[in-house]
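Please treat every number below as a calculation from the coordinates, not as lab data. Every value quoted in this text rests on a predicted model; they were computed, and no experiment measured them. Backbone-built Cβ (ideal geometry, glycine too); neighbour counts: all protein chains shown.
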Amino acid sequence: MHPDPEAQGVGANRRPPVPVTPNGDPKCIPERVPHLGGDVLHNQCADRVPQNGMSGFDVLVNGKRFDALQSAARILWEIKTDNFDTYTPALQEIVIRKQVAELRRERDLAKACGYGFRVGVRSSKHVTELRDAADDLTVVLMDWC
């Protein structure tokens, strides 16, 4: 009978397994990268996404820096910390139109690599406006931010 190598800690020196990607594309393997910019509030909100496996970092997937990754659920997040409620109605319209176009592009990049995609925002008005403009996006009110 051979002793169990795992019980003796032998396996502790093994490299972690390479993440499996649905399409086998190496650019779909999540990579930790430093947060972009110097927006402290944005980084704090991103780092606090529940079960964020990349807290303290952005995550590069398919050529795009996402704000958070829930590893077990395979969900990439984009965080918006705009002071949306303070914008004029005209500016709110412009912001929503630009955000929807960009968020759909980001969702498609995530989806191409087998990830789900969520958008976190700070106000219920922002949630409502994004959902009304794009019911194909999953928008979440960040109660942690």
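Values as computed for the structure displayed
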| read-out | value |
| --- | --- |
| Within-12-Å neighbourhood charge of CYS28 [Cβ basis; K, R +1; D, E -1] | +2 |
| Straight-distance crosslink candidates among lysines, where the alpha carbon sits under 20 Å from LYS125 and sequence neighbours closer than 8 are dropped | LYS80, LYS98 |
| Length-normalised contact order for the stretch 83-142 - Cα pairs under 8 Å, 6+ apart - percent | 36 |
| Positive minus negative residues near PRO89 (Lys, Arg vs Asp, Glu; Cβ under 12 Å) | -2 |
| FRET efficiency, ASP82 to GLN51 (Cβ-Cβ, R0 35 Å, nearest 0.05) | 0.90 |
| Segments 81-91, 63-73 sorted - mean Cβ within 10 Å per residue, highest first | 63-73, 81-91 |
